[in-house]
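Everything on this sheet refers to the single structure shown next.
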Amino acid sequence: MTPGSHARPTEDGPARPERPRRRWGAWRVGTPLVVLLCGGLFVVSAHNSQGTDLRPGRYTDLASLVGSEARDYGALQAQVKSLNADIATLTSSVNDSEVQRYQRRVAKLEDPAGLVPRTGPGVTVTLSDAPADVINNTTRDLNYLVVHQQDIQAVVNAMWEAGATAVTVQGQRIVSTTGIKCEGNAVQLQGVPYSQPYRISAVGDQTALLNAIAGDRYLQVYREQAADPSISVGWDLQLEDSITAPAYDGLLDLNYAKPLK
């Protein structure tokens, strides 16, 4: 018998050493709690990610990110288009004289609002950033070497001034509520991010379009910088025999901020 141990007598024989009692350590309680917490975190992460990767380091390539966002938007846009078609079908089936009167008024406004496709001769302007070798070796401010939203807006405004019947940017129809915004190294148009080059097309009288673009002071400065080898931002203008501008199929209502009460 080891010193300090105790013996419990028994009826069947001599006393035997008593086994030391095991103490419940903190780890016996802590381990199950840690496992439960980890499981809870996995569930929360899976719910928040909605099947995507929550790690921002995954998106290191800007072009891939822009393409992914554009595809997601395209899928949602197709769903909206399908739902709008269902609404139009149901609306046209309503046999009510007042409803039909409003439908005729709406039909007259669809073309000027950009909701009807347009096809005809026109002009296409393509803007692009300076070549990579110029950007990498320049001592200038890099803002001179990339396309900005105001550059795209200047081309669009000149086309409208020339009386264009339809204008598109990256194939998207431009309407009165369209916003062109810079998002980092990309431009966001109607919720879709696009990387350069930016293709701007207008359906209309070619002579009027050329004169308006040539006479715009902002675009004159841009073209001067495009011809400067130390800047070399991209500028290309092409006459087109036929341009098809699709109907605008985005949101028709205006979204704006509201003050908190």
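Table: residues versus (1) free of Cβ contacts under 8 Å to residues at least 12 places away in the same chain; (2) among the charged types (D, E, K, R); (3) out of contact with any Asp or Glu (no Cβ under 7 Å at 6 or more places or on another chain).
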{"residue": "D72", "(1), (2), (3)": "yes, yes, yes"}
{"residue": "K81", "(1), (2), (3)": "no, yes, no"}
{"residue": "T91", "(1), (2), (3)": "no, no, yes"}
{"residue": "R104", "(1), (2), (3)": "yes, yes, yes"}
{"residue": "R118", "(1), (2), (3)": "no, yes, yes"}
{"residue": "Q149", "(1), (2), (3)": "no, no, yes"}
Check your understanding: Of all residues in segment 97-133 being farther than 18 Å from R173 by Cα and of a type in the set (K, R), which is least open to solvent (accessible area, probe 1.4 Å)?
Key -> R101
Check your understanding: Scanning segment 164-200 for residues that are farther than 22 Å from V233 by Cβ and open to solvent by 50 Å² or more (accessible area, probe 1.4 Å), which turns out farthest from the chain's Cα centre (by Cα)?
Key -> T165
Practice item. Could you grab me the full set of residues in segment 209-252 that are acidic (D, E), at pLDDT below 95 and either exposed (fewer than 15 other Cβ atoms within 10 Å of the Cβ) or touching a Leu at 6+ places or on another chain (Cβ under 6 Å) (or both)? Key: none
Exercise for review: Say whether the condition of being within 22 Å of A132 (Cα to Cα) and more than 28 Å from the chain's Cα centre (by Cα) is met by at least one residue in segment 214-222.
Suggested key: yes
**Study point:** Qualifying positions in segment 65-115 - in contact with a strand residue (DSSP E or B) (Cβ under 9 Å, 6 or more places away or on another chain) and assigned to a loop (DSSP other than H, G, I, E, B)
**Key:** D111, G114, L115
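The values are calculated or read from the model by the stated rules, or taken from the named source; none is laboratory data. These numbers were taken from a predicted model, which means no experiment stands behind them. Here the Cβ is made from the backbone with ideal geometry for all residues, glycine too, and neighbour counts use every protein chain on show. When the accessible area is computed, the model is the full protein with side chains, heavy atoms only, and any ligands, DNA or RNA have been set aside. Shrake-Rupley method; radii C 1.70, N 1.55, O 1.52, S 1.80 Å.
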